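The values are calculated or read from the model by the stated rules, or taken from the named source; none is laboratory data. None of the values given here were measured: they were computed from a predicted structure. Note: ideal-geometry Cβ built from the backbone for every residue, glycine included; neighbour counts use all protein chains shown. Side chains are part of the model used for accessible areas, which takes the heavy atoms of the whole protein and leaves out ligands, DNA and RNA. Shrake-Rupley method; radii C 1.70, N 1.55, O 1.52, S 1.80 Å.
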Amino acid sequence: MLDILFTKSADLVSGPLRDVGVKDGKITYIANHSGAVPESREICCLDGKLLLPGLVEPHIHLDKALLLERMAEDVTELRQAIEVTSYLKQSFTAEDIYERAMRIIKQAVSKGITHMRCHAEIDPVIGLTSMEAMVALRQQLKGILDIQVVAFPQDGLFQDKRMPILMKEAVALGADVIGGITYMDADLSGHLELVFGLARQYGLPVDLHVDFSDNPHQLAIQDVIQATRKYGMQGKVSVGHLTSLGAAERGDAERIASALAEAGIHVISLPLTDLYLNGRGDHKGDYRGLTPISLLLKHGVNVIYGSNNVQNAFTPFGTTDPLDVGLLLAQTSHLGSARDARQLIHMATAGAAAALGLSGYGIRIGSDADLVVCSAKDARSLLYERPERERVYKKGRLVSQTDVIQQNWLSLETVGS
Ligand SMILES: [Zn+2]
């Protein structure tokens, strides 16, 4: 006997409607819809609505979200955003971080996010407070949202001699990923040695903030590719931003994209932040400060996207909805075809799941029943209309429900008459 059976569900390939069954939190039954359905405790008829795998947020900063009201001035440059946030961080407490993070998480779950990778700031002022808050949230939200915590040295690893020790303590607290940042320390090779060395020592993946500028010559990504090869970490390294590659000479960008694909490095575009802080100078063409999405895709790189920040000095925008970010990329990266729309949905689901190294992901027999129900006739309508996520399931458990009742003047007239 199944726990839940979703009947008449649609997917984005527009094949026949399917029935999908869940038992003990796993998908155990998938078949084209027919009159004969297996026994189930609960039957949920979707009548042609989409059944998607859970959405994956691969890069978010929960600890510095929702700070706009505390900022004395607006910010328009990366350095300024880092300085303002460093100042605000001095008054962060565990309760404050937890409260803001939880507000974001509630919103994210209602948008269909079932997995999230968040960066916890580590520096001598905040110490491990953020790390502790994220680890507590990860534990508390088990069964609702899977969280990976990145130990993230936002201000660099060599600004203070306590940093290498703090990073090791973060791993001892339970960091899932070793973070790094290529543009804060003068000694790039020392920075990468430390990050990749820790990753090797503890058997963890790496996730770096890389080349976040409009400068076509800031290409630390080449050193990251080398380090990935040297440490044998192909497939286990992700990089966020990589915007200077979008400003680089086309030939250089092509060569680097090919090397990225060969090294299995996942590239995470963060357009809410990148479009806001980059591309303000005098640039050729329509350069807007993003990593070159189409060029990377052409070379077979797993390019995905994330929210990065929600309403703070780096990014005054954000709703946590991955589909909002996907639409923004569609509009700014010339990704307007039906095929592009399918690609953008893939990036927010299976592509991001691959970057996070998730096992048991997707709608297939034996996978976790992390599922989202919404109404859209195809990938374009899903992306362009971003319908309410009517039901969100984590391992078969209903974790969010949104009722959609719309009445317009026509139906209201009918009701009134
Ligand atoms: Zn970030």
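List of remarks:
- Flag for THR243 being within 21 Å of the chain's Cα centre (by Cα), within 16 Å of the ligand (Cβ to nearest atom), modelled with pLDDT of 95 or more and open to solvent by 10 Å² or more (accessible area, probe 1.4 Å): no
- Test: ARG255 is open to solvent by 50 Å² or more (accessible area, probe 1.4 Å), out of contact with any helix residue (DSSP H, G or I) (no Cβ under 8 Å at 6 or more places or on another chain), modelled with pLDDT of 95 or more and more than 14 Å from the ligand (Cβ to nearest atom): yes
- Restricting attention to segment 177-204, the residues being away from the ligand (no atom under 16 Å from the Cβ) and either surrounded by fewer than 18 Cβ atoms within 10 Å (Cβ to Cβ) or in a loop (DSSP other than H, G, I, E, B) (or both) number 13.
- Leading residue by the ranking (most open to solvent (accessible area, probe 1.4 Å)) among those in segment 258-274 that are more than 14 Å from the ligand (Cβ to nearest atom) and part of a helix (DSSP H, G or I): GLU262
- Test: ARG288 is of a type in the set (Lys, Arg) and either open to solvent by less than 10 Å² (accessible area, probe 1.4 Å) or assigned to a loop (DSSP other than H, G, I, E, B) (or both): yes
- Residue in segment 180-192 that is among the β-branched types (Val, Ile, Thr) and in contact (Cβ under 8 Å) with a residue 24 or more places away in the chain present: yes
One line per residue, one yes/no per condition, for (1) of a type in the set (A, V, I, L, M); (2) touching a residue at least 40 places away in the same chain (Cβ under 8 Å); (3) within 16 Å of the ligand (Cβ to nearest atom); (4) open to solvent by less than 40 Å² (accessible area, probe 1.4 Å):
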site: PRO292; (1), (2), (3), (4): no, yes, no, yes
site: ILE304; (1), (2), (3), (4): yes, yes, yes, yes
site: ASN308; (1), (2), (3), (4): no, yes, yes, yes
site: GLN311; (1), (2), (3), (4): no, yes, yes, no
site: ASP321; (1), (2), (3), (4): no, yes, no, yes
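- Which numbered condition SER367 misses (of (1) away from the ligand (no atom under 16 Å from the Cβ); (2) assigned by TED's automatic domain parsing to the domain that holds CYS118): (2)
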